Amino acid sequence: DARRIAPWNWWMRDCENTEEEKEEEEGGARPQRPTKAREYVRRTEREEKRIRADPQYTSPERIFFQNRPPVRTEVAEELPRMRYLLDVTLNRLARWLRVIGVDAALETAEEEQRRTSTSPHFIIFDRCRRERRTLVTTSYKLLLRKDCPPGAHLVDPRASKERSLASLLLSHGAPVEPSRFLTRCTVCNGRIREVTD
């Protein structure tokens, strides 16, 4: 039997189109009866073409860009300036912050003595609140105290200074502006001003 020898030939023969289907393909498909959905789409397309042909037509994109408020480019001037207060163990990190123009103050000898003693009150916390500074320290015990000011940053003493600096700036979103580089003294944290004769 031919079906047993080449069964795929019979399968292909069964899949062939009939004579009526071939005539419909050659003559083209019959025009479909327009439904409500097709008529709505055609009417919408005609209306859109008529509107776009109008010389006074303005695209929605142009209307959006014409009516939107102007973009302010001086965003860096409105960002809040970060002010830090670092403990005495972060002297080198404080100098690096001053080089890029960030206000970074160091704790005094009196504040360090009160912090390392058994005193229940730390004056370094009062200074942070009074001067509105963010505390940066390597002591996790300071962060565990209930009177610690919010937003304090813990620095890993084993990490490199480059990594500590990047982590500090990224965590607080402090803007780094090249125009402010070398505008502070690395010793006293004072502003450097141009002196004219």
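The length gained by stretching the chain between Asp147 and Glu48 to full extension, at 0.36 nm per residue less their Cα-Cα distance, is 29.0 nm. Summing Cβ point charges (Lys, Arg +1; Asp, Glu -1) relative to the Cα centre of the stretch 83-180 gives a dipole of roughly 100 debye. The packing ranking, built from the mean of other Cβ atoms within 10 Å per residue, places the peptides 38-48, 93-103, 121-131, 142-152 in the order 93-103, 121-131, 142-152, 38-48, highest first. In percent, rounded to a whole number, the relative contact order of the stretch 83-180 is 28, using alpha-carbon pairs under 8 Å and six or more apart. Shape class for the stretch 84-123: prolate, because the ratio a/c of the largest to smallest gyration tensor axis (alpha-carbon atoms, square roots of eigenvalues) is 1.5 or more and a/b beats b/c. When Rg and Dmax are taken over the Cα atoms of the stretch 83-180, they come to 13.2, 44 Å.
Computed from the coordinates by the stated procedures, all read-outs in this text should not be read as laboratory data. Note that the structure is predicted; figures quoted are calculated from it, not measured. Glycine gets a Cβ as well: all are built from the backbone with ideal geometry, and neighbour counts include every protein chain shown.
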